[in-house]
1. For the stretch B:40-50, just list the computed ³J(HN,Hα) in residue order, Karplus coefficients 6.51, -1.76 and 1.60, θ = phi - 60°, integers in Hz, with x standing in for Gly and Pro.
2. Rounded to a whole number, what is D in µm²/s for chain A from Stokes-Einstein with the Kirkwood radius over alpha-carbon pairs (25 °C, 0.890 mPa s)?
3. What does the charge count around A:Ser102 come to, taking other residues whose C-beta lies under 13 Å from its C-beta (Lys +1, Arg +1, Asp -1, Glu -1)?
4. Averaging sequence separations of C-alpha pairs under 8 Å and six or more residues apart, then dividing by the length of chain A, give the relative contact order as a whole percent.
5. If you count only protein heavy atoms and use a 1.4 Å probe, how large is the accessible surface of B:His10, to the nearest 10 Å²?
6. Can you tell me what share of the DSSP beta bridges in chain B is antiparallel? A percent to the nearest 5 is fine.
7. So which GluC sites (Glu not before Pro) in the stretch B:26-115 end up in coil per DSSP with only 13 or fewer other C-beta atoms within 10 Å?
8. Which of B:Ser94, B:Ser80, B:Ser61 moves the most in a Gaussian network model of chain B with Cα springs under 10 Å?
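The values are calculated or read from the model by the stated rules, or taken from the named source; none is laboratory data. These figures come from a predicted structure and were not determined experimentally. Cβ placement follows ideal geometry from the backbone for every residue including glycine, while neighbour counts extend to all protein chains displayed. Keep in mind that these areas ignore ligands, DNA and RNA; they rest on the heavy atoms of the full protein, side chains included. Shrake-Rupley method; radii C 1.70, N 1.55, O 1.52, S 1.80 Å.
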Amino acid sequence: AQSVSQHNHHVILSEAASLELGCNYSYGGTVNLFWYVQYPGQHLQLLLKYFSGDPLVKGIKGFEAEFIKSKFSFNLRKPSVQWSDTAEYFCAVKINTNAGKSTFGDGTTLTVKP
Amino acid sequence: DAGITQSPRHKVTETGTPVTLRCHQTENHRYMYWYRQDPGHGLRLIHYSYGVKDTDKGEVSDGYSVSRSKTEDFLLTLESATSSQTSVYFCAISGPTGALTGELFFGEGSRLTVL
């Protein structure tokens, strides 16, 4: 079964710092990749997604992610974080043979200090 | 936001009692999912449905059953709740492309506490 690893469980940054959250998956075939964000007390919402094409994808609120197939990675980046980015971030992977089922990483809690 | 409503949003119950959580969608999407969210475990799939009366197990299905008698409703039942089932439960639906892309839209969550 595929697995998804998020290496950073809790990241603390000051406002304006740059962010990179790691995500690696274990599956050698074609995948669709996602980052979801969960703000405190809210449900998960899609931040960005990669299906095919340009491996650098841009999402909402200035986030971007790069798919590196050779490294099985899909890292999330933001050049300058804001206090409002404080949230939990989940990487998810869907392999093409799975009926819509995505596997989620354990999540990374980001705390941005004002 | 996708039209997904979960009920109840909060429930406290005692060990051994049955509990049913309801997910209602207004999007008429075929695929629906139940996940549980626990600290340090991310989201784990409990059961999913790919149509009326068509359901299948996820990775943590023990102790849970589901039913889908209408496209818009997907019920999750804990026949006899245990403390290990204390969690936040999220319902999700696939987007307009169905299950092809894997993109999910989530409900607001149901927080269940089993004493």
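1. x, 10, x, 10, 10, 6, 8, 8, 9, 10, 10
2. It diffuses with D of about 173 µm²/s by this estimate.
3. Neighbour charge sum, excluding A:Ser102 itself: +2.
4. Values: 282 pairs, mean separation 42.6, N = 114.
Across chain A, relative contact order equals 37 percent.
5. So the heavy atoms of B:His10 present about 130 Å² to solvent.
6. 90
7. B:Glu59, B:Glu79
8. Greatest mean-square fluctuation among the candidates belongs to B:Ser80.
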